[in-house]
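Values quoted throughout were computed directly from the atomic coordinates according to the rules given, and no laboratory measurement underlies them. All values reported here derive from a predicted model rather than from experimental measurement. With ideal geometry, Cβ positions are generated from the backbone for all residues, glycine too; neighbour counts draw on all protein chains shown.
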Amino acid sequence: MANLVLVTGASSGIGEAAARLYGEGGAKVLLLARNRERLDRVAGAIREGGGKAAAYSVDLADAAAIEETSARILREHGTPDILINNAGAGRWKSLLDTTAEEALAMIEVPYLAAFNLTRAFLPGMIARKGGAIACITSPASYLVWPKATAYIAARHAMAGFAEALRADLKGTGVTVTLVVLGTVETPYWEHNPGSRENMPAPNPLLAPTLSSEEAARVIRDALERGRRTVFKPAILRALVLLNAVAPRLVAKQLRRALPKPSTARGD
Ligand SMILES: NC(=O)c1ccc[n+]([C@@H]2O[C@H](COP(=O)([O-])OP(=O)(O)OC[C@H]3O[C@@H](n4cnc5c(N)ncnc54)[C@H](OP(=O)(O)O)[C@@H]3O)[C@@H](O)[C@H]2O)c1
């Protein structure tokens, strides 16, 4: 069992559920996000349940703040056994509707946040020849649909990062797991207004919506098994494979699945 687990984006949604799950399982959990109050609430709940948790309020878009916080974590707790790069946000808009600042923000978190945080803890993992890194992402890491240009580009960066890092780390004892999740019912949809309106509506029978607790279990199980890339729901893997050989067909299906403006689900 992992003793020390670091979860980014632990103040809400999937990250919160993952932090609670590992806390219940007996690990010491390090929770990172910006919102101090929400982090303290989650860490407090883990401790009340008999677990161990410490919260670090940090803006993961700020490379200097990551360096400072990770140095503090190394001093106070040492190198995590598991690093879950989960923090993220996104504005689902066409290129012309996206400002340069918004495009940069989507590259900063999750991709550069994962890069910088992993860079901080990797030397310790390599030195002890063990560690597991998870990157949480969406089907936008492999598929494309209209009106989410900067978001999709940033998520492709996340997949590229995870896959390239895995190649670098072969033989070191450190694993990299990419977890590709379909729709998860979390505050993400309130935190990122406009996303639902530009999201291809999945067939609920083939791709049921996950709860944040289900998503957390998918992450934990994938890490325990040392999986390379996990798709949940599993139909996403089939769609990504089909996209590799018939991209026009998949693009057409995804366009068809976009909500019509009159039926768009709003916040
Ligand atoms: N919900 C879905 O359907 C779904 C599906 C596939 C993948 N995902 C991905 O899963 C991850 C978690 O999503 P979620 O659904 O749990 O969303 P959420 O409820 O909005 O949680 C996002 C988390 O990221 C943190 N965060 C965002 N920007 C940050 C920053 N600059 N610095 C530090 N922390 C930051 C937020 O904390 P603070 O605001 O406190 O900083 C929050 O804890 C995201 O990367 C998302 O894209 C979500």
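Structural remarks
- Net length gained if the chain between Glu163 and Glu185 were fully extended (0.36 nm per residue, minus Cα distance): 5.2 nm
- Long-range Cα-Cα pairs in region 124-177 (distance over 18 Å), rounded percent: 41 percent
- Lysines whose Cα lies under 21 Å from that of Lys147, excluding same-chain neighbours fewer than 8 positions away: Lys93, Lys252, Lys260
- Legend: translational diffusion of the chain by Stokes-Einstein, Rh = Kirkwood radius over C-alpha pairs, 20 °C, 1.002 mPa s; D = 114 µm²/s.
- Legend: ranking of residues Tyr151, Tyr56 from fewest to most surrounding C-beta atoms inside 10 Å; resulting order Tyr56, Tyr151.
- Added length on full extension, which subtracts the Cα-Cα distance from 0.36 nm per residue, Arg255 to Ala105: 51.4 nm
- Overall dimensions of region 89-154 as given by Cα atoms, namely Rg and Dmax in Å: 14.9, 48
- Karplus-derived 3J(HN,Hα) values for region 141-154, using 6.51 cos²θ - 1.76 cosθ + 1.60 with θ = phi - 60°, are 6, 10, 10, 10, 8, x, 6, 8, 4, 5, 4, 5, 4, 5 Hz; glycine and proline are entered as x.
- Centroid-to-centroid separation of region 8-29 and region 182-238 [C-alpha atoms, Å]: 17 Å
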